[in-house]
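The values are calculated or read from the model by the stated rules, or taken from the named source; none is laboratory data. Keep in mind that this is a model prediction, so the values were computed, not measured. We place every Cβ from the backbone using ideal geometry, glycine too, and count neighbours over all the protein chains shown. Accessible surface areas use protein heavy atoms only, side chains included; no ligands, DNA or RNA. Shrake-Rupley method; radii C 1.70, N 1.55, O 1.52, S 1.80 Å.
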Amino acid sequence: MSWWNRLGNLLRREDLGRELDEELQFHIDSRIRDNLDSGMTAEAARRDARRRFGNWTLAKERTHEMNIVVTIQTVGQDLRHALRSLRKSPGFTALAVLAMALGIGANTAVFTVVNGVLLRPLPFVQPERLFLISYNPGNGFSGPGMDDQHFLEFQRRTHTFERVTTFDEDHVTLTGIGDAVRLQTALVTSTFFAVLRVNPAMGRTFTSQEEQPGSVGVAVLSEKLWHSRFAADPNILGKAITVDGVKRSVIGVMPSGFAFPDDAQLWLPLAIEPGPQNAYFRTVFGRLQPSASRQQAQAELATLAPQLVSSPGYRKNGMTTEILPLQDLLVGQIRKSLLIFMGAVAFVLLIACANVANLLLMKGSLRRQEMAVHTALGAPRSRLLRQLLTESTMLSLGGALAGLLVAILGVRALLALAPAGTIPRVAEIRLDGRVIGFALGLGAVTGILFGLLPAVQATGRELRTFLGQAGRSVTGRSEGLRSLLVVSEIALTLVLLTGAGLLLKSFLRMRAVDPGFRAENVLTMTVDLPESLYKTTASIQAFHARTLEKLSNLPGVLAAGAVNWLPLGDALIMGNFQLDGGRDAPRGMFVDKPAVSPEYFRLMGIALRSGRGFTGQDNATAPGVAIVSQSVARTLWPGGDAIGQRISVENNPRPEDWLTIIGVVDDVRQRSLTEKAHPAIYRPYAQVKDRGFLRRMTFVVRTAAHTATMAAAMRGALREVDTNQAALSITTMTDLLATSTAEPQFQTRLIAIFSMLALLLAAIGVYGVLACAVAERTREIGIRMALGAEKSDITRMILSRSLLLVSVGVALGVAGALAVTRVLAKFLFEVKPTDLAVFVGVAALLVAVALLAGWLPARRATRVDPLIALRWE
């Protein structure tokens, strides 16, 4: 029958039914006449015709199934029947929908973040054509970039890229418009905006002449900066602004929302000056030619890279090259964490599905009489399967709709828990069609998956013998399936709990690390001095001295000091050193090279182990001195005394470059709490001659008690020294310590939340199976009690069942955890993925929870009245 005819039946449903009745009656009447003609009696003829023709209703139903009308009617009947069935069991429905809402909601929340961060394309024209050029020449540099000389050569010789560009990130100080302010800035080549195919909203971008050294200063503003600092002045083009003390002309304003890279508010031309003293390694990316592929670009880079590497110190055999999507620049660090979170919530969803499948199996055991009657009346198994799958799908879709609300709240909570800057592209994280489709699709798929096994079980062949056997065979098989699902829940829960336990132990180990300093009541203020205003070492040192004096005189300040590379900060210079007397330094040993003020060690609580600290007498005119960390002293003078030894931080030291060691201090975790304390050679900042070591300085003050007004007072002191300078950051050392552990804490919290949710679902699953088993075995329990079984025997029987389930689940879970938790190795600190204490603790927790979940059904079993139980059917 054609679809046109089937659709036409929509307009004549009653006529169609009448015609089918008439046609069926015609066939029966014809058979009756044939039987009469053969000599049968009238009653025998009718009975034979009915028997040979079969079930009248079933024949009509099979005929109707050929019509789209009846198909639609059947679906409608299934939906109405499912709704009635779910309404009859509001407790069951609410529990199932809640379980699925939690499972689907958690998955949808994480997927919303994954969609915004990883799946949503970058907001550029054809972002799939934008690629990073990852190039490691084997000389210590690595990452998606090149040094300046090789970039220029690659730019000239590439054929697979339309254009390539490079950029650098920096902070600059904008003055002359209100208070001085530090701005996130990008230094870019003239091809930068053309590669991205982003045009300014006003004016123009840079030309190749403007990126030449010594060219007239120009700048491009972000739309945000244009509004916040210049009141959206329509005549901004051509006006002069002061950046780091240099006058620059505004030539353009970028469109709203454009802030690449890294929330830049200002773009300046990048003047590339390649040479032996300017080996800058910068990020490089480009746009592929329309006819070129990523594989072709990779092959070209692999061919050109060895030709580019011609400078001394570059190892061709250690070189690696790769073409990466530009999006990796933004999401490379968070990708693995998000995928781990997706895996964790997938486990939660599987546990929720197993729970609902168990609920359906329990409900199915109560509906065996109903299914058996339908089967006896001729209902085909396919129709019963369809009906039950309709119910499970409705439950799951209901859970999906409720899960969308859970996801909205979950995304907000997730972003609130995440440390600032951990999750990129936050503006792109939102509920959209893809997220809604994901939730509904997950609901439909899981509805079929968790509903299929109970539906098959409920409509099995045993139904034909159910009415005669009281369903004993069905009950045993259903109990086995329920137990299998609970074992699976326990195994999955153990994997999640083990991951959470490993991360928690790692985080606690990290928190217990001694950083080598006391962070309480210490405030820090970092200042970057522009080269255009502070051109000499003396002027920089004078600025630092005046600032320290102002800070020392602030009310509530106990001591003030300075360090160029703050511990746990975002900048550090390290390198080699020379020993006096022609003695070679240990091969491969590098040291940190902080420059500090005399009060620095005392106010930071860095213990002086021997010798003396720096004083105001250790100035530019005094003999050079140094203080070394304990690891330096132990490595270079084991068993001896480092005091009085001479050392130099210069590659080719002159006589005046030798430093006499006057003290030894404790090691400090300079870079990270998870890295070993690095050896350091400290110098008084007043004796440092290299301006590059002094331009960034962090001023630290110790207060009697931290007050909210101290940050404002520090800014005021800075303004008194130089009104054209603004602090890059003001924070407490306590906050800095917390920031260093914030990401591991976030990961631990999130996995722990998922694990607790899984544990709750698993406990409900154990309780449900045992409660159902007690209900089904009421007669057996009554017989046992009538024969003299004690309540303790009944309790032991039920709890042993719970212990058996959890033991099998734990055994399977341990095997799974040993395989899965290896992906966490990168995130663990001083903890192995196979940590025995964590595995034992998690297993013990699961056993305890399972026994607790089994205690309530066991208690109920001991209250069974034997007389009532023996009359139970």
Scope the stretch 402-436; condition closer than 25 Å to P123 by Cβ, open to solvent by 40 Å² or more (accessible area, probe 1.4 Å) and assigned to a helix (DSSP H, G or I); matching residues: I408, R412, L415, A416, V426, A427, E428, G433, R434, I436
Residue that is nearest to the chain's Cα centre (by Cα) [pool: residues in the stretch 643-661 that are part of a loop (DSSP other than H, G, I, E, B) and surrounded by fewer than 15 Cβ atoms within 10 Å (Cβ to Cβ)]: N651
Selection within the stretch 817-838 - surrounded by fewer than 16 Cβ atoms within 10 Å (Cβ to Cβ), assigned to a helix (DSSP H, G or I) and at pLDDT 90 or above: L818, L836, A837
Residues satisfying the stated conditions in the stretch 365-401, i.e. within 27 Å of G103 (Cα to Cα), at pLDDT below 65 and either open to solvent by 20 Å² or more (accessible area, probe 1.4 Å) or in contact with a Pro (Cβ under 8 Å, 6 or more places away or on another chain) (or both): L366, R367
Conditions (1) open to solvent by 40 Å² or more (accessible area, probe 1.4 Å); (2) touching a Gly at 6+ places or on another chain (Cβ under 6 Å); (3) not basic (K, R); number of the one not met by E223: (2)
Flag for R229 being surrounded by 13 or more Cβ atoms within 10 Å (Cβ to Cβ), free of Cβ contacts under 8 Å to residues at least 60 places away in the same chain and in contact with a Gly (Cβ under 9 Å, 6 or more places away or on another chain): yes
Subset tally (residues that are more than 23 Å from S729 (Cα to Cα) and part of a helix (DSSP H, G or I)) for the stretch 538-593: 4
Some residue of the stretch 453-464 being under 21 Å from V766 (Cα atoms), open to solvent by 20 Å² or more (accessible area, probe 1.4 Å), modelled with pLDDT of 90 or more and part of a helix (DSSP H, G or I): no
All positions within the stretch 141-183 that are within 32 Å of the chain's Cα centre (by Cα) and not in a strand (DSSP E or B): F141, S142, G143, P144
Selection status of L572, open to solvent by less than 10 Å² (accessible area, probe 1.4 Å), touching a residue at least 40 places away in the same chain (Cβ under 8 Å) and farther than 17 Å from I627 by Cα: no
So R779, is it at pLDDT below 80 and touching a Phe, Trp or Tyr at 6+ places or on another chain (Cβ under 7 Å): yes
Filter result for the condition that a residue is open to solvent by 60 Å² or more (accessible area, probe 1.4 Å), in contact with a strand residue (DSSP E or B) (Cβ under 7 Å, 6 or more places away or on another chain), closer than 23 Å to M604 by Cβ and of a type in the set (A, V, I, L, M, F, W, C), over A727, A704, A711: A704
Residue in the stretch 844-873 that is modelled with the lowest pLDDT, counting only those that are in a helix (DSSP H, G or I) and open to solvent by 90 Å² or more (accessible area, probe 1.4 Å): I868
Number of the condition not met by G561 [criteria: (1) over 23 Å from D514 (Cα atoms); (2) open to solvent by less than 10 Å² (accessible area, probe 1.4 Å)]: (1)
Selection count, the stretch 237-258, where residues are within 20 Å of T207 (Cα to Cα) and out of contact with any strand residue (DSSP E or B) (no Cβ under 8 Å at 6 or more places or on another chain): 3
Residue in the stretch 246-254 that is in contact (Cβ under 8 Å) with a residue 60 or more places away in the chain, out of contact with any Cys (no Cβ under 7 Å at 6 or more places or on another chain) and assigned to a strand (DSSP E or B) present: yes
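Look through G841, G768 and report the one residue that is farther than 30 Å from A512 by Cα, touching a residue at least 24 places away in the same chain (Cβ under 8 Å) and assigned to a helix (DSSP H, G or I).
Exactly one of G841, G768 is farther than 30 Å from A512 by Cα, touching a residue at least 24 places away in the same chain (Cβ under 8 Å) and assigned to a helix (DSSP H, G or I), namely G768.
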Selection from the stretch 232-245 of residues that are assigned to a strand (DSSP E or B), open to solvent by 10 Å² or more (accessible area, probe 1.4 Å) and of a type in the set (A, V, I, L, M, F, W, C): A240
Verdict on G332 being touching a Gly at 6+ places or on another chain (Cβ under 7 Å) and modelled with pLDDT under 85: no
